[in-house]
1. Among the candidates 94, 115, single out the residue that is under 30 Å from residue 211 (Cα atoms) and in contact (Cβ under 8 Å) with a residue 60 or more places away in the chain.
2. Return a yes/no flag: does the range 176-183 have any residue that is more than 16 Å from the chain's Cα centre (by Cα) and over 16 Å from residue 292 (Cα atoms).
3. Suppose we keep only residues that are under 21 Å from the mean Cα position of the chain (by Cα) and free of Cβ contacts under 8 Å to residues at least 24 places away in the same chain within the range 51-73. Which one would you say is farthest from residue 8 (Cα to Cα)?
4. Going residue by residue through the range 118-126, is there one that turns out to be under 30 Å from residue 72 (Cβ atoms), among the aliphatic types (A, V, I, L, M) and modelled with pLDDT under 95?
5. For the range 50-79, how many residues meet the condition of being touching a Ser or Thr at 6+ places or on another chain (Cβ under 8 Å) and either of a type in the set (A, V, I, L, M, F, W, C) or surrounded by fewer than 16 Cβ atoms within 10 Å (Cβ to Cβ) (or both)?
6. Kindly indicate which of 116, 151 is loosely packed, with under 14 Cβ neighbours inside 10 Å, assigned to a loop (DSSP other than H, G, I, E, B) and out of contact with any helix residue (DSSP H, G or I) (no Cβ under 7 Å at 6 or more places or on another chain).
7. Identify the single condition in (1) under 15 Å from the mean Cα position of the chain (by Cα); (2) surrounded by fewer than 17 Cβ atoms within 10 Å (Cβ to Cβ) that residue 166 does not satisfy, given that it satisfies every other one.
8. For the range 28-49, which residues satisfy the criterion of being polar (S, T, N, Q) and either surrounded by 14 or more Cβ atoms within 10 Å (Cβ to Cβ) or in a loop (DSSP other than H, G, I, E, B) (or both)?
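The values are calculated or read from the model by the stated rules, or taken from the named source; none is laboratory data. Keep in mind the model is a prediction, meaning the values are calculated, not measured. Glycine also receives a Cβ, built like all others from the backbone with ideal geometry; neighbour counts cover every protein chain displayed.
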Amino acid sequence: MITSDQLKEIKDRCSALNHYLDIDGKQMQYEEEQLRTHDPDFWNDQKAAEAQMKKVKELEKWLNGYKEVASLTEELQLAFDFFKDELVTEEEVDAAYRKVLEAIEALELKNMLRDEADNMDCVLKINSGAGGTESQDWASMLMRMYLRYAETHGYKTTISNLQEGDEAGIKTCTIEILGDYAYGYLKGENGVHRLVRVSPYNAQGKRMTSFASVFASPLVDDTIEVKVDMACVSWDTFRSSGAGGQNVNKVESGVRLRYQYKDPYTGEEEEILIENTETRDQPKNRENAMQHLKSILYDKELQHRNEEKAKVEAGKKKIEWGSQIRSYVFDDRRVKDHRTNYQTSDVNGVMDGKIDGFIKAYLMEFSSKEE
């Protein structure tokens, strides 16, 4: 049975959220933005209209999130009072407490996502490190982990590029993860992930260490302008491999985009390489590859604007010893994030997509530093 102090803490956190989220201000802004959508000429400029609707829906989500917390807080207070009169059981009060606590923590976590890209969809790219079959198998395990995470949270996923490993696993894959704040929650996964286990691919049963890198970037849409120098773009086509029926090996539907990028801030040059085999339609694959390029360029601009974020990004590190952000040690039943020191012994749960604890720990530590 919860105590009166626990009840007071819930009420205080609810009140604090009202203040931090500026609910009154958001309500006024929501009403003003909603009025703009009633203009008879509103849909004449479809791009501007879609951006406006996106703004309205975003405000509505914040308001609904807080309304849920406030309502559950009131229900907890009632349950607490009714227990004194023996109208509800101790278990019912505790259940109401757990429910409101979960809602508060979810809204508090979302409140940490204030960067302009945080509410966007996410492009997640996984590359296997050196080590052949073992690291390629590890990359496929990470792919499954993120797909399960997305499924659990109601996100829609599309695998836009996948290169199978030589014997098992994958060499690389690109996943589009679509849903509210997908990038904001997954941006902390950027970096090198290290696996330590007794390898099923080693005849001597030795303990092996493998690496794979994860790159997260926001998936931009048509409402965001990103400048692409078309003179720096070149294309290759190739025959896709894998499932797809007879057509897949006869038609060069796969596209490879090469972009000669020059950093406008440092002058450094690099080639950005994007492959897309999502559909059998080459023009559609070209369109998807261009969208991914815009996402990468947008992310690079964001990193320049946020120096603190650039310091904690691990994406540019080599896939080798000492550069990992997280270690997954199967034998010791331990997964540990080296940036936050958050760890868990639920290895199977983590590999099934239960990475919320790592995400929350990262946001709590690094979002507060970016304030």
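1. None of the other options fit; the residue is 115.
2. no
3. 55
4. Scanning the range 118-126 turns up at least one residue that is under 30 Å from residue 72 (Cβ atoms), among the aliphatic types (A, V, I, L, M) and modelled with pLDDT under 95.
5. Total meeting the criteria: 5.
6. 116
7. The single condition residue 166 does not satisfy is (1).
8. Once the filter is applied, which keeps residues that are polar (S, T, N, Q) and either surrounded by 14 or more Cβ atoms within 10 Å (Cβ to Cβ) or in a loop (DSSP other than H, G, I, E, B) (or both), the range 28-49 yields 29, 34, 37.
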